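A short write-up of the structure that comes next.
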Amino acid sequence: MSFFEYRNGAMHAEGVALAAIAAQVGTPFYCYSAGALRAGWREFADGIKGMNASVCYAMKANSNLAVIRVFGEMGAGADIVSVGEMRRALAAGIPAGRIIYSGVGKKASELMEALQVKVGQINVESSAELETLNAVAGQLGVRADITIRVNPDVDAGTHAKITTGRKENKFGIDIDLAREAFALAGRLPNLKVVGVAMHIGSQLTSLEPYRAAIVRVRELIGQLRADGHRIDRFDIGGGLGIVYSNEKPPSIADFMAVVAKETAGLGCELTFEPGRRLVGEAGVLVSEVILVKPGAAKTFVIVDAAMNDLIRPTLYEAWHDILPVKEARQDTATIRCDIVGPICESGDFLAQNRDLPPLAAGSTNLSFSTKSIKKEIKTSYFNFTLFKNFILIF
Ligand SMILES: *Cc1c(COP(=O)(O)O)cnc(C)c1O
């Protein structure tokens with residue numbers, strides 16, 4: 001089922017006209033489909049059936065309370081990278097025991113708050129963090145359940161800015177140094193090692209990097225057990241890609257089949273931390289055309305959404321589909337244009353060199369009657385959002 005579609009020539013989200021929402025709340029706004037969020041969640045829930053596994057939603061993909069609540073109601077845990085995210089997860093009803101705290105830069109004060117609320121697991125990413133966490137846990141008189149995130153040095157085959165599992169990336173502990181880190185953790189009295197974690201990148205469209213990384217971590221788990229560590233959990237991370245234009249990301253079922261095969265007999269409880277795959281295709285950014293400015297080289301369509309609303313195009317050369325809210329007729333001639341925001345940065349664009357049907361400037365008087373709306377409103381299919389908050393309309 002498509003949750004965003006044209007009906008009678010107007011783009012709708014779950015049967016509600018986007019133009020009607022625009023009339024009520026003004027533009028720009030993000031609109032999410034709870035149905036799409038639930039459908040995405042169900043794919044993972046079905047995928048882990050029969051496995052000893054759990055799914056924690058990686059909140060940095062979208063930390064809107066209403067979005068988190070949808071997942072929480074369906075039994076999700078949360079993967080967080082700050083105490084701010086932890087508070088949001090708790091506020092949205094996710095039990096502390098289902099929260100995993102990841103990230104390279106946890107402050108002592110944050111670790112303390114996480115231990116006080118009793119998060120389920122802390123994924124440690126450096127020796128310095130092991131020492132800090134040990135000290136904080138000692139102060140509180142508790143033992144912290146930890147995994148150590150290792151960096152398996154595989155190429156995820158994704159954009160340089162979202163690959164995380166190479167030697168030169170800041171994430172995790174180099175797999176070749178992992179045994180030393182586990183030995184240190186074993187000596188620290190206030191830490192309890194429960195497993196190993198990895199997360200090799202985002203927007204992966206091939207299963208091979210997962211297979212390669214799991215094989216490496218599996219070997220490491222054997223060595224760690226021989227060293228006397230108890231390794232009960234294997235946190236696989238997130239990273240499954242989605243379709244922006246013509247990518248062919250693997251199905252959840254195929255992904256789970258590879259994971260099940262490569263972890264068979266390992267005797268570990270598995271954790272998955274999907275983010276983008278759960279929310280990336282479940283929302284749209286709706287923006288109004290302010291004006292159209294024909295230039296010598298190309299036409300600029302200036303809209304009221306900008307790089308502060310959607311940073312991905314300028315940060316990663318990311319592609320987002322752009323569709324007019326009012327469906328264009330099939331025979332409409334297109335014009336080549338850049339879709340840009342009003343910010344004083346040449347990097348402020350949402351799309352470049354697109355062939356779109358002619359777009360007209362919107363009325364400046366927002367009408368509260370749907371019938372009198374004559375504006376052209378564009379939707380940019382929303383995807384991954386970095387640490388941002390958005391208006392959510394159900
Ligand atoms: C970003 C991140 C994820 C989620 O990645 P997606 O590509 O959104 O699935 C999972 N775990 C960790 C530690 C992350 O940093």
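The values are calculated or read from the model by the stated rules, or taken from the named source; none is laboratory data. Please read these numbers as outputs of a predicted model, since none were measured by experiment. Because the Cβ atoms are built from the backbone with ideal geometry, glycine has one as well, and the counts that use them run over all protein chains shown.
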query: Only one of these conditions is not met by A361: (1) touching a strand residue (DSSP E or B) at 6+ places or on another chain (Cβ under 6 Å); (2) closer than 24 Å to E281 by Cβ; (3) modelled with pLDDT under 85. Which number is it?
result: (2)
- prompt: What number of residues within segment 24-49 are in a helix (DSSP H, G or I) and hydroxyl-bearing (S, T, Y)?
  reply: 0
- request: Could you look through segment 295-311, keep only residues that are surrounded by fewer than 20 Cβ atoms within 10 Å (Cβ to Cβ) and within 19 Å of V284 (Cα to Cα), and pick out the one that is farthest from the chain's Cα centre (by Cα)?
  value: I302
query: For segment 121-135, does any single residue satisfy the condition of being in contact with a Leu (Cβ under 6 Å, 6 or more places away or on another chain), modelled with pLDDT of 95 or more, of a type in the set (A, V, I, L, M) and farther than 25 Å from G165 by Cα?
result: no
task: For segment 298-308, indicate whether the set of residues that are touching a Phe, Trp or Tyr at 6+ places or on another chain (Cβ under 6 Å) and of a type outside the set (D, E) is non-empty.
output: no
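Take segment 265-291 and flag every residue that is within 15 Å of the ligand (Cβ to nearest atom) and assigned to a loop (DSSP other than H, G, I, E, B). Don't jump to the end; show me each part of the working.
Taking segment 265-291 as the starting set, the residues that turn out to be within 15 Å of the ligand (Cβ to nearest atom) are 270-283.
The answer is E273, P274, G275, G280, E281, A282.
Could you tell me which of the residues V279, V303 is aliphatic (A, V, I, L, M), modelled with pLDDT of 90 or more and over 25 Å from M59 (Cβ atoms)? Can you show your working first?
Working: V279 fails: over 25 Å from M59 (Cβ atoms).
Criteria check complete, one pass: V303.
So in segment 87-142, with the set limited to residues that are assigned to a loop (DSSP other than H, G, I, E, B) and of a type in the set (A, V, I, L, M), which one is farthest from the ligand (Cβ to nearest atom)? Spell out the reasoning first.
Narrowing segment 87-142 to residues assigned to a loop (DSSP other than H, G, I, E, B): 92-95, 102-107, 118-120, 125-126, 141-142.
Subset that is of a type in the set (A, V, I, L, M): 92, 94, 104, 119, 142.
Numbers: A92: 17, I94: 15, V104: 9, V119: 14, V142: 23 Å.
Across segment 87-142, the extreme among qualifying residues is V142.
What residue, among those in segment 57-66 that are among the hydrophobic types (A, V, I, L, M, F, W, C) and within 13 Å of the ligand (Cβ to nearest atom), is farthest from E273 (Cα to Cα)?
Filtering segment 57-66 down to residues among the hydrophobic types (A, V, I, L, M, F, W, C) leaves 58-59, 61, 65-66.
Keeping just the survivors that are within 13 Å of the ligand (Cβ to nearest atom) gives 58-59, 61.
Values: A58: 5, M59: 9, A61: 11 Å.
Filtering first and then ranking leaves A61.
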Count of residues meeting criterion [out of contact with any Asp or Glu (no Cβ under 7 Å at 6 or more places or on another chain) and more than 16 Å from the ligand (Cβ to nearest atom)] in segment 219-239: 13
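Would it be correct to say that R69 is among the basic types (K, R) and either in contact (Cβ under 8 Å) with a residue 12 or more places away in the chain or on the phi > 0 side of the Ramachandran plot (or both)?
Values: among the basic types (K, R): yes; either in contact (Cβ under 8 Å) with a residue 12 or more places away in the chain or on the phi > 0 side of the Ramachandran plot (or both): yes.
Criteria met by R69.
Can you tell me which residue among S63, S102 is of a type in the set (G, A, S) and either closer than 27 Å to L188 by Cα or not assigned by TED's automatic domain parsing to the domain that holds F255 (or both)? I'd like the intermediate steps shown before the answer.
Working: S63 fails: either closer than 27 Å to L188 by Cα or not assigned by TED's automatic domain parsing to the domain that holds F255 (or both).
Only one candidate passes the filter, namely S102.
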Residue pairs meeting the criteria (Cβ under 8 Å; at least 6 apart or on separate chains; first under 16 Å from G186 (Cα atoms), in segment 223-238; second among the aromatic types (F, W, Y)): L224/F182; D227/F182; H229/F182
